[in-house]
Each structure stands twice: as C-alpha cells, then as structure tokens.
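J.: This is the structure, below, for whatever I ask next.
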Amino acid sequence: MRNFYLYNTLSKERELFKSITPGVVGLYVCGPTLYGDPHLGHARPAITYDILVRLLREIGYRVRYVRNITDVGHLEEELGNGEDKVLKQAKVMQLEPMEVVQHYTLRYHHAMQQLNTLPPSIEPRASGHITEQISLVNSILKQGYAYESNGSVYFDVEEYQKKHNYGRLSGRTPDNMLSNTRALEGQEDKRSPFDFALWKKAAPEHIMRWPSPWSEGFPGWHLECSAMSAKYLGDRFDIHGGGIDLLFPHHECELAQNTASRGDGGVNYWMHNNMITINGQKMGKSLGNFITLEELFSGKHPLLESSYSPMAVRLFILQAHYRGTLDFSNNALAAAQKGYRRLIRGAKEYKSLKFVEGKGSKELALLAEESFTALCDDLNTPIAVAKLFDALKVINLAKEGKLQLTFEDRENLDTLFNLILTEILGVVEEESSVGDDKLVGSLVDIVLKIRDEAKAQKNFEVSDLLRADLTKAGIEIKDTKEGTQWRVVENE
RNA sequence: GGUACCCUGGCCGAGUGGUUAGGCGGCGGUCUGCAAAACCGUAUAGAGCAGUUCGAUUCUGCUGGGUACCUCCA
C-alpha cells in the first residue's frame, strides 16, 4: 500500500497516515446545517473530503464515510435567547421544521451531485439520534464532567480541566478565554462562561423538543457529532474532518465530550479545510456575501460576469491546496473554466492517437508518478493538476505529429487522465445542455453546408454573414482542418 | 485585547536554501480567404528593513498590511 501523509490539526504536523484497522478507514465529516441553499463555501469541504475518500479507496482502503446533517440544536447564539436556525427559517417559510430541512437537503444533494461528489456511506441526522445524545449526556454526568442547572445540562470545563486539557486542539486555553469572554446575557445557568450546553431546556415557543431526564428540550449542537460518530464508527476512529471555522468551539467541545465520556479523544487525525474568501473576506451565510451554487452555475448574481460550470468550480477548488484560503474572483473562475475544457479535450483526444511498440518517454512516467505522489502528500491537488497540464502538452505535440507515443506512454496517460483526473480528482466531462438537441443539430448542419458551399465558391460575404448570424444566435463556429465545428455558447 | 495564520509576477495559486510550478490573461508565432478556436513559444515574481549563510522567495527578528477564530457559520 502506498504511503499517505496527512496534516493533523491535533499535532500540527504532517503525519504518515496509519489506520486503526488495516485496510479500513473510518471518516467523519461535519456536514451542513440545512436552513438555506448550498453556496460556494459548501463546495470546498464537500470536494476536499470527496478527494480524500476517492484517494484512500484508490490506495486500497475500504472507507466508511459518515457526514451528518444538522437539523436541530444549532442556535444562532449559544447563549441567551439564541434562536434555532432551522426553527427560525421554518417560521419565515411557514413550514414544519422538518419540511425546511427536507427541502434544503434535496437541494444540497442535487448540488453535490452536480459537483460530482460521491455520497457519504451514512448521512445521519441529529434529530434521529436524540436517544444516543441523551445517553451521552448521561455518561458525561456520571463521570462528573457536567452539571444540571434549571433543566439544562452544561459541560463543566473547570472540572474537566483538572484531569484533561481543554484547548489542546484549538490552542485556546480556558485562561486566555476567561480574560476575553464578553459578558453576554442568559448565562446565569452556567457556572463558568466557557461551559457549553449539552442539553437545553426548551422555551415554550420552541417546538422542536424532546423529553429527557432533565426537561423537555433539545440537544446542544456539539453533542450530535460525538454521539453519531461513535455510533457509526466506534469509540475510536481514524479521521475527523470539517471546516476550519468549526475548530473552535465545535471540535474542541466534541473532543472534550469524547474524552469526558470514554476517557479518550476518539479521533486519530483531525483535518480542517480552509475557507473560500471573496475580496479577501470569508464567504458566509451570516456575512451575506455568499454566492449560491445555483447562482454560480447559472451566472445569475450581481458579482458574476458569467456562469461557471460545476466542473469548473471543482477545478477552481482543486487548483488550491485545501489548507489555504482561496479567493473567489471572476478571473480565477474563468481561468478554471478554460483550463477544464482543455484538460477534458486532451483526455478524450489522446485515446484516438496512434501508438507504437517501444519504450515510453521518461517524462510521462515521471509526471504520472509525481502527480499521484503529490496527492498522497496531504492532498496536494494543485501539484497533481499542474502535472496533468504538463502531460496535456505532450498529448498536443503527439497530436501535431511532432512526437510519437508508445503503448507504454499510453499506460501512463491512462494513469494521469483515467485514474487521477477522472477517478480521484473526479473531474469528468459535462454534457452540453443543448448540444444533444437533435433538431438544433440538424438545422445547424444544414446552415453549415450552405456556408461550406459559399466558401468553396469564395463567396465570403455570404459565408461571413452566416457565421455572424449563427454567432448572434449563440452558436460558435470553428473552421478546423477536419471541417467546421460548432458548439452552443451557454452564456448570454 | 487573546490565539492562530497569511503577504509570490496583471489575476488565481504551488513547491523549494542554489536548477521551469501550473492555470488564466498579455505578447510573439503556426493554422486560416479572414476571423475565432485550437496548438506552440515567451516575458513579468515572492510586503519593507535587518540578520544567519558562499548563496534566501524559502530560515530568524523587527516593522507594515491583511484574514480567521474568540457568538452562529463549510
């Protein structure tokens, strides 16, 4: 099995990956809270962990990929009169909370499919695991790391700190937090400002509620991931992923909950993807500067100069390393869109080239190896993609007859374009939305036949007129050696 | 204020103590009736100051600028 290296947030180092059980990987990723349409920000973790899963499977692991859906307990503020996000949206839409979640879940799944991400093995919902969460609260209480107060249950950070280390994941210690915690209302129930809720007593108007030993209420947000990861992956599993914005408090609290209930952090590798920024600022629902994926694919957003296809978005994300921020811009997306077209064209074209017997070029073998190695080095997708562009150059030279490829070369090209580009990077050919319309196709062919006739008679006035009119109608003409080609221009 | 991170050519974005990142755009060329497309080639870097070093974009320090988290956020 190939070596795979992964940066671990817990150790702050790039480590050689070793699974707990040979040949098997348990992966848990914090999924979205579905109270709105999926946006560009959601695409980043989805694609990052998709690459991780595809690569691990390619290396030879069986991967169980669990990604949750948060449908309860995610409050707009942890303290005071924070409203549940789902509940708030349900009021706006005048729907049952679960209708809201269902509505956005379907839209999320659709967008993820367009981006060609593989579905998780299990996609559990917080609301479906209330009993597991209640029993988790019970075991934390039993260990003495939580207390009940006025129907709610809070995690006792101070008590936990006596034996363990709250802050070891995020580097945030209770000491420096204490001096910097703002005074907020509604925390009378808590002993200490950095204690966090495990169970919250529901206010009368809060309709998402479940019975518990302490009150009718709902689970704290951090609880679901601890409960569901343990249920489906065991008390100890390999990789826990999520956005870096979840590092604190969400993952720190999760780690503390795991340790408090089972004496062990439970996770070997913590992995965090960075954010997509817009004009250098984080793109987020709460900041109101986000672009939904639907808007991106259709081009309908004031910030967009054009529409960008799902695969262009995918390549855009892959051309940056997952741990760095990635800045959105029309130029960058357009660059990805064009690069995507070139790569896909090359991936198709090399297959119809003539190959001969003999030794292959060292260059292609090296590119294939370097590309794969880069992926195994903490998912260095930008390097892997760069090698593909290098290989594209070789294909183009061979196409022009300036280079003769062998069957050995062909194998390396298969590694680069079938295995790496298609299978691991998940970049595939998109179907043209209009190109397969038969009627349009035959009509364009008729017009082009007339134009060819005019060209043959050197009647360029007519041929140029036809070309101009077709262009105006959204059909782009290319005169190549093999005859005239056309395609529908998708944008307005 | 605390903690962490970042500053690369017109834009996006990598690796690296000495040797080409890559993409887009620009420029030059091939092809073409012309154009577009496609293809080939190519120029332009690493915030500022100081230090370590034979040599720094890469290591160290300082200064400047920016971002994230500290309330929910992928």
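The values are calculated or read from the model by the stated rules, or taken from the named source; none is laboratory data. From a predicted model like this one, the values you see are computed outputs, not experimental measurements. All Cβ positions, even for glycine, are placed from backbone atoms using ideal geometry, and neighbour counts span all protein chains on display. Remember, those area values only see protein heavy atoms, side chains included, never the ligands or the DNA or RNA. Shrake-Rupley method; radii C 1.70, N 1.55, O 1.52, S 1.80 Å.
J.: Just the Kirkwood number for the stretch A:305-446, please: inverse of mean 1/r across all distinct Cα pairs, in Å, one decimal.
T.: For the stretch A:305-446, inverting the mean 1/r across all distinct Cα pairs yields 16.4 Å.
J.: Follow-up question, since we're still on this one. Shape of the stretch A:51-174 from its Cα gyration tensor (a ≥ b ≥ c, root eigenvalues): rounded if a/c is under 1.5, otherwise prolate when a/b > b/c, or oblate?
T.: Verdict is oblate for the stretch A:51-174.
J.: State the Cα centre-to-centre distance between the stretch A:196-255 and the stretch A:440-473 in whole Å.
T.: Between the Cα centre of the stretch A:196-255 and that of the stretch A:440-473, the gap is 64 Å.
J.: Follow-up question, since we're still on this one. Is the C-alpha gyration tensor of the stretch A:293-350 telling us rounded, prolate or oblate? Criteria: a/c under 1.5 is rounded; beyond that, a/b larger than b/c is prolate, otherwise oblate.
T.: The shape class here is oblate.
J.: Please list 3J(HN,Hα) in residue order for the stretch A:231-239, calculated via the Karplus relation 6.51 cos²θ - 1.76 cosθ + 1.60 where θ = phi - 60°; whole Hz, with x for glycine and proline.
T.: 5, 9, 10, x, 5, 10, 9, 7, 10
J.: Further question on the same structure: Would you grab the residues whose amide H sits under 5 Å from the one on A:His39? Only those 5+ places off in sequence or on another chain, please, with H modelled 1.01 Å from N.
T.: Amide H neighbours of A:His39: A:Leu293.
J.: Of all trypsin sites (Lys or Arg not before Pro) in the stretch A:352-459, which ones are in loop regions per DSSP and have a Cβ with at most 12 other Cβ atoms within 10 Å?
T.: Passing both the DSSP loop test and the Cβ count: A:Lys354, A:Lys359, A:Lys402, A:Lys458.
J.: Using Cα atoms only, what is the angle between the long axis of helix A:438-456 and the major principal axis of chain A, expressed in degrees (0 to 90) to the nearest 10?
T.: Here the helix axis deviates by roughly 30 degrees.
J.: Still on this structure, please answer the following. Okay, helix-only estimate at 222 nm for chain A: each DSSP H run of n ≥ 4 adds -39500 (n - 2.57), divide by all residues, round to 500 deg cm²/dmol; what do you get?
T.: -13000 deg cm²/dmol
J.: With viscosity set to 0.692 mPa s and temperature to 37 °C, compute the Stokes-Einstein D of the stretch A:403-465, Rh being the Kirkwood radius across alpha carbon pairs; µm²/s, no decimals.
T.: D = 210 µm²/s.
J.: I would also like to ask the following. Starting from the Cα of A:Ser135, step 7 Å along the direction of its Cβ; do the same at A:Thr373; then give the gap between the two resulting points in nm.
T.: For A:Ser135 paired with A:Thr373, the spin-label model returns 4.9 nm.
J.: Sticking with this structure for a sec: Stick to Cα atoms and the Kirkwood definition of Rh, then tell me Rg/Rh for the stretch A:258-382.
T.: For the stretch A:258-382, the value is 1.11.
J.: For chain A, give the share of DSSP beta bridges that are antiparallel, in percent and rounded to the nearest 5; count only bridges with both residues there.
T.: In chain A, approximately 50 percent of DSSP beta bridges are antiparallel ones.
J.: Can you give the relative contact order of chain A as a percent, counting alpha carbon pairs under 8 Å and 6+ residues apart?
T.: 15 percent.
J.: Please work out whether the stretch A:29-69 counts as rounded, prolate or oblate from its C-alpha gyration tensor, where a ≥ b ≥ c are the square roots of the eigenvalues and a/c under 1.5 means rounded, while otherwise a/b larger than b/c means prolate and anything else oblate?
T.: oblate
J.: Exceeding 19 Å between C-alpha atoms, which entries from my cross-link table qualify? They are A:Lys190/A:Lys231; A:Lys88/A:Lys300; A:Lys351/A:Lys399; A:Lys354/A:Lys399.
T.: A:Lys190/A:Lys231; A:Lys88/A:Lys300
J.: Hey, another quick one. Could you check how many percent of all C-alpha pairs in the stretch A:189-232 are farther apart than 12 Å?
T.: So the portion of pairs separated by more than 12 Å is 66 percent.
J.: Pull up all non-local amide H partners of A:Arg487: gap of 5 or more, or a different chain, and H-to-H distance under 5 Å with H placed in the peptide plane.
T.: Here A:Glu476 satisfy the definition.
J.: Taking only protein heavy atoms and a 1.4 Å probe, what accessible area per residue, in Å², does the stretch A:14-171 have with all protein chains in place?
T.: 42 Å²
J.: Using the alpha-carbon atoms, what tilt in degrees (0 to 90, nearest 10) does helix A:330-349 show relative to the longest principal axis of chain A?
T.: Relative to chain A, helix A:330-349 is tipped by roughly 60 degrees.
J.: Divide, for chain A, the radius of gyration over alpha carbons by 2.2 N^0.38 Å, where N is the residue count.
T.: 1.16
J.: Continuing with the same structure: Run the numbers on the stretch A:7-149 and let me know its relative contact order in percent, using alpha-carbon pairs under 8 Å that are six or more apart.
T.: 27 percent
J.: Report, to the nearest whole %, how much of the accessible area of chain A belongs to carbon and sulfur atoms, 1.4 Å probe, protein only.
T.: In chain A, the share of accessible area belonging to carbon and sulfur is 50 percent.
J.: In whole Å, what is the distance between the alpha-carbon centres of the stretch A:383-434 and the stretch A:126-151?
T.: Using only Cα atoms to place each centre, the spacing works out to 53 Å.
J.: Moving on. Restrict the search to the stretch A:324-381; then list the GluC sites (Glu not before Pro) that DSSP places in a loop and that have at most 10 other Cβ atoms within 10 Å of their Cβ.
T.: A:Glu357
J.: Relative to the first principal axis of the alpha-carbon coordinates of chain A, what is the inclination of helix A:381-399, with its axis defined by its Cα atoms, in degrees from 0 to 90 and to the nearest 10?
T.: With both axes taken from Cα atoms, the answer is about 10 degrees.
J.: Relative contact order (percent) for the stretch A:122-279, with alpha-carbon contacts under 8 angstrom and 6 or more residues of separation?
T.: 25 percent
J.: Starting from 0 in steps of 5 Å, tell me what percent of the Cα-Cα pairs of the stretch A:371-492 lands in each bin.
T.: 2, 9, 14, 14, 11, 12, 13, 12, 8, 4, 1, 1, 0
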